[in-house]
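Here's the structure, in structure tokens; my notes come after.
The values are calculated or read from the model by the stated rules, or taken from the named source; none is laboratory data. All values reported here derive from a predicted model rather than from experimental measurement. So basically every Cβ, Gly included, is an ideal-geometry build from the backbone, and we count neighbours across all protein chains shown. Surface accessibility is based on the protein's heavy atoms, side chains included, excluding ligands, DNA and RNA. Shrake-Rupley method; radii C 1.70, N 1.55, O 1.52, S 1.80 Å.
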Amino acid sequence: MNPQTKTFEGAINRLNSLQSNAKVLEVLRKRGKIPNDQSMVEMRHWLRCIGYQPSDLNRLNVIHVAGTKGKGSTCAFTSSILQQIQKSGERSIPKCIGMYTSPHLRSVCERIQLNGKPISQELFTKYFFDVWERLENAVGSDSEKPMYFRFLTLMAWHVFISENVDAAIIEVGIGGEYDSTNLIEKPYATAVTSLGLDHTSLLGNTIAEIAWQKAGIYKESAIALTCEQAPEAMNVLKNRAAERNTSLKVVIPPAELTPDMIGLSGVHQLGNTSLAVSLVQEFYEKAGCPFDRDPYQDPAILDGLKYVKWPGRCQIEEINNIKWCFDGAHTKESLEATGLWLASKKNLYEDADARILLFNQQSRDDPIALLRSFLKGLESSGTGISFTHVIFSTNVTWKDAGYNPELLSINTITDNKPVLHVQEDLCKWWKESKGTTSEATVAPTIQEAIETVMSIKQKSRNTFVCVTGSLHLTGGVFVVLDQAVF
Ligand SMILES: Nc1ncnc2c1ncn2[C@@H]1O[C@H](COP(=O)(O)OP(=O)(O)OP(=O)(O)O)[C@@H](O)[C@H]1O
Ligand SMILES: [Mg+2]
Ligand SMILES: [Mg+2]
């Protein structure tokens, strides 16, 4: 390929073309074709095409994280702790920390990080075309390529191996057993975070079935870590760990760990934090230099917890003279956790005469149930917050230009139109159940939703906005407000 045409935009266009495959797969899944061993056979084939064997991944010293909620946060805590240990100079490893997470907020580069920073557009472009061309050389330019998430996973392996990463923190995409990240044979540490019901059409309708899938990342080489779970999930995790010749270790946040010690807001982060600390401990066990003191007394670990960066999760900002809170929760449990957290942050909105909820959900089966979970969390303290305005927006970025190229999501578009009827249903439900206490409207794009926010602000003394329901909405709002993420 002509080097002139290898631009970042070119890489993003090609990457987005892999989403149409994802759409085909979605249709197959709806017909009951769920992921199976064949997915792993295909992934092994692609890995070989780009020049690696699964055994090559072992040298990355992988920390593998699955779960329904808290995967990304746990990875971010783990990376942050390792960065502080690296900075302290006390240990010979890690020299280079890789982190692969999903989804992204503003830029796809956020998904592949080195030493706590998203890779640059230049590096992304270079490694993107390496992988793209290796695949074309192996199978021909017209043949089918791996889908979006699989491609990015292959690319992450290629980046990490090329950059000599010696601690690779890997977040599972969906499930675990048949996830594209699961080619790793000998991880240093594995953890399953909080379990709940999500992606049920792919993973199963019960917590036990979901636990079975997630525990697929457990391997003989590593202790099987998890946090507190429902008993039916815990039993499955225990059996799966035994199946893999390892043992399950349940990590419970110690009493000495308190919310003021950690850089991410919300009590639900305590479980993620303590899992991350245990992952780091296991990592150093394997590296042959175990911790000999209480990790919660270790200055580098404590700094790691404090200085963690994981935007879009219970994040509070003041932008354009408006108080904002951003959270990408999109499952029942996490929306309830967000509601509970917001209820405890009265100082954010008690003086505000305009209290706006900006909500988007369009890819889950029952968006109204998700909205209700948020309200349940919010109202469980008794007082809650009464919104003066509620805006139900799609996650399309711009009025005229449609999706920002890096935020394109073909799965939520039908016949080239965003699914506005979901927002209309949500709005109708709100009006019926909440009456006239608040003004509820639908915005066809995030840009228009923000325009509505700004016009409400013009007429108000103090404005507070809560953005939640989807990480795609949160990312899109950051783009429209031009708010930096990392
Ligand atoms: N243990 C938890 N319990 C409930 N909610 C949580 C928990 N951990 C994180 N959350 C909330 O879930 C949302 C997503 O967080 P995070 O990115 O850590 O999870 P994830 O498992 O990577 O999710 P995703 O499905 O988006 O990949 C955030 O809104 C966060 O506040
Ligand atoms: Mg998820
Ligand atoms: Mg995630």
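The figures follow:
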quantity: For residue 460, net neighbour charge (Lys/Arg +1, Asp/Glu -1) across residues whose Cβ lies under 14 Å away; calculated: +2
quantity: Per-residue ³J(HN,Hα) for region 303-314, Karplus 6.51 cos²θ - 1.76 cosθ + 1.60, θ = phi - 60°, Hz, x for Gly and Pro; calculated: 5, x, 5, 6, 9, 4, 10, 8, x, x, 10, 6
quantity: Theoretical FRET efficiency, 1/(1+(r/R0)^6), r = Cβ-Cβ of residue 5 and residue 87, R0 56 Å, to 0.05; calculated: 0.90
quantity: Probe 1.4 Å, protein heavy atoms only - accessible area per residue of the chain in square angstrom; calculated: 42 Å²
quantity: Most positive-pole-ward Cα, 120, 280, 98, against dipole of region 3-306 from beta carbon charges; calculated: 120
quantity: Within the chain, helix-based [θ] at 222 nm, where runs of 4 or more DSSP H residues each add -39,500 (n - 2.57), nearest 500; calculated: -13000 deg cm²/dmol
quantity: Separation in nanometres of the label points that stand 7 Å from Cα toward Cβ, at residue 36 and residue 122; calculated: 4.8 nm
quantity: DSSP bridge pairs, the chain: antiparallel proportion in percent, nearest 5; calculated: 25 percent
quantity: Full-stretch length increase - residue 220, residue 293 - with 0.36 nm per residue and alpha-carbon distance subtracted; calculated: 23.7 nm
quantity: Equivalent ellipsoid, region 315-481 (semi-axes from 5 times Cα gyration tensor eigenvalues, Å); calculated: 23, 18, 15
quantity: Local electrostatic count at residue 447 - Lys and Arg +1, Asp and Glu -1, tallied over other residues with Cβ under 9 Å; calculated: -2
quantity: Sites residue 285 and residue 461, calculated FRET efficiency, Cβ-Cβ separation with R0 41 Å, nearest 0.05; calculated: 0.15
quantity: Region 1-154 shape via C-alpha gyration tensor axes, a/c threshold 1.5; calculated: prolate
quantity: Shape call, region 252-364: gyration tensor on alpha carbons, a/c limit 1.5; calculated: prolate
quantity: Three-way shape label, region 88-231, alpha-carbon gyration tensor, a/c 1.5; calculated: oblate
quantity: The chain, accessible surface, carbon-and-sulfur percent (1.4 angstrom probe); calculated: 48 percent
quantity: Diffusion constant of the chain at 4 °C, which comes from Stokes-Einstein with the Kirkwood Cα-pair radius and 1.567 mPa s, µm²/s; calculated: 56 µm²/s
quantity: Label-to-label distance, nm, for residues given as residue 350 and residue 363 (7 Å Cα→Cβ offset); calculated: 3.8 nm
